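The values are calculated or read from the model by the stated rules, or taken from the named source; none is laboratory data. Source: prediction; values computed, not measured. Positions of Cβ are generated from backbone atoms using ideal geometry, with glycine treated the same way; all protein chains shown enter the neighbour counts.
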């Protein structure tokens, strides 16, 4: 069965037989799968009035455990975004009553971002639905294939992130 990536590979193999286009099979399919996954994950975020970035911030605060707070720089590190992008996300979440900001007790110049009760309730509901959605998406693979894929991706990702 020929998919979009296979058709592109076939065309390149015809036009550039001097090049090995096999890497496109993995990279191209991962790229396309990532796009489909992002689209499907965003459906749940939108259902809760969140973008992917806001979901990530609320999730990072919730994962922190009681009292569900972190410094903005920590949040940026835990969500892999710049501090400037983090500020915009926090502004929106604060405006929506999902987080609060207060001065840090350990650093007079620093700030701390904390989940409000409404923010905690929202992320608990959204994360529950998010996990259901991820299960639905992963159930397209057999449990054995999912475990093999996770092992392969873990090894591959470690190669990028260990440097």
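For the reader, a short list of remarks on this structure follows.
- Residues of the range 100-130 satisfying the condition of being touching a strand residue (DSSP E or B) at 6+ places or on another chain (Cβ under 8 Å) and either surrounded by 12 or more Cβ atoms within 10 Å (Cβ to Cβ) or at positive phi (or both): 100, 101, 104, 110, 111, 112, 113, 114, 115, 116, 119, 123
- Residues satisfying the stated conditions in the range 94-121, i.e. under 17 Å from residue 66 (Cβ atoms) and part of a helix (DSSP H, G or I): 117, 118, 119, 120, 121
- Lone unmet requirement of (1) in contact with a strand residue (DSSP E or B) (Cβ under 9 Å, 6 or more places away or on another chain); (2) without any contact (Cβ under 8 Å) to a residue 12 or more places away in the chain; (3) under 28 Å from residue 140 (Cβ atoms) for residue 58: (2)
- Within the range 83-119, the set of residues being over 15 Å from residue 49 (Cβ atoms) and within 21 Å of the chain's Cα centre (by Cα) comprises 83, 84, 85, 86, 87, 88, 90, 91, 113, 114, 115.
- Cross-chain or 6+ apart pairs with Cβ under 7 Å, the range 125-140 first and over 15 Å from residue 63 (Cα atoms), then surrounded by 14 or more Cβ atoms within 10 Å (Cβ to Cβ): 129/44; 133/41; 133/44; 137/37
- Test: residue in the range 3-21 that is outside the structural domain of residue 137 (by TED's automatic domain parsing), touching a residue at least 60 places away in the same chain (Cβ under 8 Å), part of a helix (DSSP H, G or I) and out of contact with any strand residue (DSSP E or B) (no Cβ under 9 Å at 6 or more places or on another chain): no
- Among the residues of this structure, residue 50 does not count as one that is surrounded by 14 or more Cβ atoms within 10 Å (Cβ to Cβ) and not in a loop (DSSP other than H, G, I, E, B).
- Residue within the range 66-74 that is surrounded by fewer than 14 Cβ atoms within 10 Å (Cβ to Cβ) and either touching a residue at least 60 places away in the same chain (Cβ under 8 Å) or in a loop (DSSP other than H, G, I, E, B) (or both) present: yes
- Answer from 87, 79, 105 - the residue that is modelled with pLDDT under 95 and in contact with a helix residue (DSSP H, G or I) (Cβ under 6 Å, 6 or more places away or on another chain): 79
- Any hit, the range 25-37, residues being surrounded by fewer than 14 Cβ atoms within 10 Å (Cβ to Cβ), outside the structural domain of residue 91 (by TED's automatic domain parsing), in contact with a helix residue (DSSP H, G or I) (Cβ under 8 Å, 6 or more places away or on another chain) and part of a helix (DSSP H, G or I): yes
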